[in-house]
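Colleague: What follows is a structure written as structure tokens; I'll ask about it next.
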Amino acid sequence: MSVDLNKTASNSHDKMAISAEQQAKIIEVRGLIGPLSDKESVYCSDASISRYLRARNWNVKKAAQMLKQSLKWRKEYKPQEIRWEEVAAVAEKGMLYRPNYSDKYGRPVIVMRPCNKKSTPAQDMIKYFVYCMENAIINLPPHEEQLAWLIDFQGVKMSDVSFKTSRETVHILQEYYPKHLGLAMLYKAPRIFQPFFSMLRPFLETELYNKVKFGYSDDHNTKKILEDLFDMDKLESAFGGNDDTGFDMNKYAERMKEDENKILSFWTQAKSVS
């Protein structure tokens, strides 16, 4: 297992530089999607439209259609309006969260622990996943669009993993958050997970599939990838790091509530866009 760190981590910065030809395609997409509401105008920045174009290999019609579907979903699901109080009961299980550190490229990190899902209803899990995505994206540094995922499979049984929920998660990630995944490290995935992943493979676009890496605590390449990507003093011990603090629900809740002010500030731009 190997990964070109320069390609996966800094690639997003390179691709965010928009050429004159690409700018023309962005303008074409704007023409195809038609009039936008105030909030839709905030969402449809040049950088955002560029992500949809790149996701469809700069095909204007396909990108416009993809963006229209995303805007329709956002209008109906209202991901930016999900609040901490709505997802706190799921969050306290520690199965999914954004830790208080980024990788060395400044990319926010999302940690998943499938063994902690504890009979959470599928739609509650999806709602919390969307909340975490919105939170991580609002914390992206300038000129960065990617997130890093760390998935801890320690103690996972197949009963902890739902194919239907996994497929829906992949669908949301690919269709409504294109180009936001930089790396997904599946750490200590048991052998019994391999057939499950093979079943999921047809639903993964090639680019997303190539960003999924299997890692193991006794594997030299895994250790090198993590050391190159993270400050090991901040990385959790579950992934071979030196931080054994663990998930603190109270501190996490405080950070999420503070971040909601960022989200509110971002979307209130809509008032000045029209």
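The values are calculated or read from the model by the stated rules, or taken from the named source; none is laboratory data. Values in this document were obtained by computation on a predicted structure and should not be read as measured data. Ideal geometry is used to build each Cβ from the backbone, glycine not excepted, and the neighbour counts take in all protein chains shown. Note: areas computed on protein heavy atoms with side chains; ligands, DNA, RNA excluded. Shrake-Rupley method; radii C 1.70, N 1.55, O 1.52, S 1.80 Å.
Colleague: What tally of residues in region 68-104 results from selecting those that are part of a loop (DSSP other than H, G, I, E, B) and acidic (Asp, Glu)? Before the answer, list the steps.
Modeller: Taking region 68-104 and keeping what is part of a loop (DSSP other than H, G, I, E, B), we get 78, 82-83, 92-95, 98-101, 103-104.
Still in the running and acidic (Asp, Glu): 92, 103.
So the answer is 2.
Colleague: Which condition does TYR187 not pass, out of (1) open to solvent by less than 80 Å² (accessible area, probe 1.4 Å); (2) within 24 Å of GLY155 (Cβ to Cβ); (3) without any contact (Cβ under 8 Å) to a residue 40 or more places away in the chain; (4) in contact with a helix residue (DSSP H, G or I) (Cβ under 8 Å, 6 or more places away or on another chain), if it passes all the others?
Modeller: So TYR187 meets the others, but not (3).
Colleague: Taking the condition under 16 Å from the mean Cα position of the chain (by Cα), crowded, with 18+ Cβ neighbours inside 10 Å and among the aliphatic types (A, V, I, L, M), does VAL90 pass?
Modeller: Working: under 16 Å from the mean Cα position of the chain (by Cα): no; crowded, with 18+ Cβ neighbours inside 10 Å: yes; among the aliphatic types (A, V, I, L, M): yes.
Judged against the criteria, VAL90 is not a match.
Colleague: With closer than 30 Å to THR120 by Cβ, assigned by the TED database to the domain that holds ILE126 and touching a residue at least 12 places away in the same chain (Cβ under 8 Å) as the only criterion, which of ALA55, ALA88 stands out? Break it down into steps so the answer makes sense when it comes.
Modeller: Working: ALA55 fails: assigned by the TED database to the domain that holds ILE126.
Step by step, each of ALA55, ALA88 is checked, and only ALA88 is closer than 30 Å to THR120 by Cβ, assigned by the TED database to the domain that holds ILE126 and touching a residue at least 12 places away in the same chain (Cβ under 8 Å).
Colleague: Name the residue, out of ASP244, ASP218, that is open to solvent by 70 Å² or more (accessible area, probe 1.4 Å), within 27 Å of VAL87 (Cα to Cα) and free of Cβ contacts under 8 Å to residues at least 60 places away in the same chain.
Modeller: Of the residues listed, the single one that is open to solvent by 70 Å² or more (accessible area, probe 1.4 Å), within 27 Å of VAL87 (Cα to Cα) and free of Cβ contacts under 8 Å to residues at least 60 places away in the same chain is ASP244.
Colleague: Listed residues MET66, MET95; which is modelled with pLDDT under 95, of a type in the set (A, V, I, L, M, F, W, C) and within 30 Å of THR165 (Cβ to Cβ)? I'd like the intermediate steps shown before the answer.
Modeller: Details: MET66 fails: modelled with pLDDT under 95.
Going through MET66, MET95 in turn, the sole match is MET95.
Colleague: Quick check on this structure: which one of LEU204, LEU208, LEU229, LEU200 is touching a residue at least 60 places away in the same chain (Cβ under 8 Å) and either touching a strand residue (DSSP E or B) at 6+ places or on another chain (Cβ under 7 Å) or not hydroxyl-bearing (Ser, Thr, Tyr) (or both)?
Modeller: Details: LEU204 fails: touching a residue at least 60 places away in the same chain (Cβ under 8 Å); LEU208 fails: touching a residue at least 60 places away in the same chain (Cβ under 8 Å); LEU200 fails: touching a residue at least 60 places away in the same chain (Cβ under 8 Å).
Every option except LEU229 fails the conditions.
Colleague: If LYS104 satisfies every condition in (1) under 27 Å from VAL161 (Cα atoms); (2) touching a helix residue (DSSP H, G or I) at 6+ places or on another chain (Cβ under 9 Å) but one, which is the exception?
Modeller: The single condition LYS104 does not satisfy is (1).
Colleague: Also, I was wondering about something else. Among the residues of region 37-50, which ones are closer than 17 Å to TRP73 by Cα and open to solvent by less than 50 Å² (accessible area, probe 1.4 Å)? If you could, list the steps in order and put the result at the bottom.
Modeller: Taking region 37-50 as the starting set, the residues that turn out to be closer than 17 Å to TRP73 by Cα are 37-44, 48-49.
Within region 37-50, GLU40, SER41, VAL42, TYR43, CYS44, SER48, ILE49 qualify.
Colleague: At least 1 residues that are more than 26 Å from TYR131 (Cβ to Cβ) and in the same structural domain as ASP124 (by the TED database) in each: list the strands (runs of 3 or more DSSP E) lying fully within region 147-221 that qualify. Steps first, answer last, please.
Modeller: Values: elements: 147-152, 181-187, 212-215.
Filter on region 147-221 gives 212-215.
Colleague: Restricting to region 161-175, give me the number of residues that are open to solvent by 30 Å² or more (accessible area, probe 1.4 Å) and touching a residue at least 40 places away in the same chain (Cβ under 8 Å).
Modeller: 4
Colleague: Considering only residues that are exposed (fewer than 14 other Cβ atoms within 10 Å of the Cβ) and either in contact with a strand residue (DSSP E or B) (Cβ under 6 Å, 6 or more places away or on another chain) or free of Cβ contacts under 8 Å to residues at least 60 places away in the same chain (or both), look in region 136-160 and name the one that is farthest from ILE225 (Cα to Cα). So that I can check it myself, show each step before the final result.
Modeller: Filtering region 136-160 for residues exposed (fewer than 14 other Cβ atoms within 10 Å of the Cβ) gives 141-143, 155, 157-159.
Among the residues that remain, those that are also either in contact with a strand residue (DSSP E or B) (Cβ under 6 Å, 6 or more places away or on another chain) or free of Cβ contacts under 8 Å to residues at least 60 places away in the same chain (or both) are: 141-142, 155, 157-159.
Details: PRO141: 22, PRO142: 24, GLY155: 23, LYS157: 26, MET158: 27, SER159: 30 Å.
Ranking the candidates gives SER159 first.
Colleague: Quick test of your reading of the structure: SER48 fulfils all but one of (1) assigned to a helix (DSSP H, G or I); (2) farther than 24 Å from LEU264 by Cα. Name the failing condition by number.
Modeller: Looking at each condition in turn, SER48 falls short on (2).
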